[in-house]
Amino acid sequence: MDAEHLEYFKAALEGRASVGWNVWFTANQQALAQHLSRPALLRLKFSKLDEAERLLAEAGIVPCSTAGKRYEMYCAQFSADVVDANGRPLPAIWRAAHGGAIGLLADGEQEAGQAKLLAEFRRVRKRGLQQAHEWLADLCFEGEMELSGGNADVGRSLLAVVVRAGSGHDLLDATAMIARELLEDLG
């Protein structure tokens, strides 16, 4: 395997890649096919960054684990029709998330955006505690990603919703505590 491929894997897994996994893989698939067996190429194509991490380990390279890694893995799950030329979510898709709450937050309408998110949480909570926990964990992840590499104001608002919604049950309080710590780390 070429050193440049391994360098991209490391950069992606450390959250430093300039383009997302799907864009990079499409551009490099033929070159990779010259170095990898068909099964290995298919594992890389479908297991994406998990397989890239395994290939790095085989080469003796250990990337630093960062929030950027989780974001890169998150973006790698998106279909090509909802990402830009760099493999990042399209602004219109991002703004429409959570029934438009993200767009409201991005426009500075904190109260309206947070109210929309809390209403969504209440609907999810009616379906059960496990779904509520997963929803809060996803929102906490989104907030952390926005803080680390996106719109910090949106990130703070998302984490504030997690803190507010997570009160009252041990399973939910754990996620709320993570969000609270992320907000406190900001100062």
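Quick notes on this one:
- A cut-off under 12 angstrom between Cβ atoms defines the neighbours of TYR8, and their net charge, with Lys, Arg +1 and Asp, Glu -1, is -3.
- One chain, two ends: GLU4 and GLU134. Fully extended at 0.36 nm per residue, the span grows by 43.1 nm beyond their Cα-Cα distance.
- Other residues with beta-carbon under 11 Å from the beta-carbon of TRP94 carry, at +1 per Lys or Arg and -1 per Asp or Glu, a net charge of -1.
- Euclidean distance between Cα centres, region 111-170 to region 42-86, Å: 25
- Between 0 and 90°, nearest 10: helix 3-13 axis offset from the chain longest Cα axis: 10
- Rg/Rh (Cα only; Kirkwood hydrodynamic radius) as it applies to region 3-80: 0.93
- In terms of other Cβ atoms within 10 Å, LYS69, LYS45, LYS126 run from fewest to most in the order LYS126, LYS45, LYS69.
- Where the alpha-carbon atoms of the chain are placed on the principal axes, they occupy 53, 35, 33 Å, in descending order.
- Between amide H atoms placed 1.01 Å from N, distances below 5 Å from VAL83 occur with LEU90, all of them 5 or more places distant or on a separate chain.
- With Cα atoms, 0 to 90° folded angle of helix 129-149 axis to the chain main axis: 70
- Difference of contour (0.36 nm per residue) and Cα-Cα distance, ASP170 to ARG70: 33.5 nm
- Going from the residue with the fewest nearby Cβ atoms within 10 Å to the one with the most, ARG95, ARG164 rank ARG164, ARG95.
- Note on the chain: helix-only mean residue ellipticity at 222 nm, from DSSP H runs of 4+ residues weighted -39500 (n - 2.57) and normalised by residue number, equals -22500 deg cm²/dmol.
- Total lysine pairs whose alpha carbons fall under 28 Å of each other in the chain (8 or more apart, or interchain): 6
- Spatial extent of region 92-185: Rg and Dmax, with the Cα atoms as the point set, Å: 12.1, 36
Readers should treat all values here as calculations from the given coordinates under stated rules, not as data from a laboratory. Worth saying up front: this structure is predicted, and the values here are computed from it rather than measured. Neighbour counts run over all protein chains shown; Cβ positions are idealised from the backbone, glycine included.
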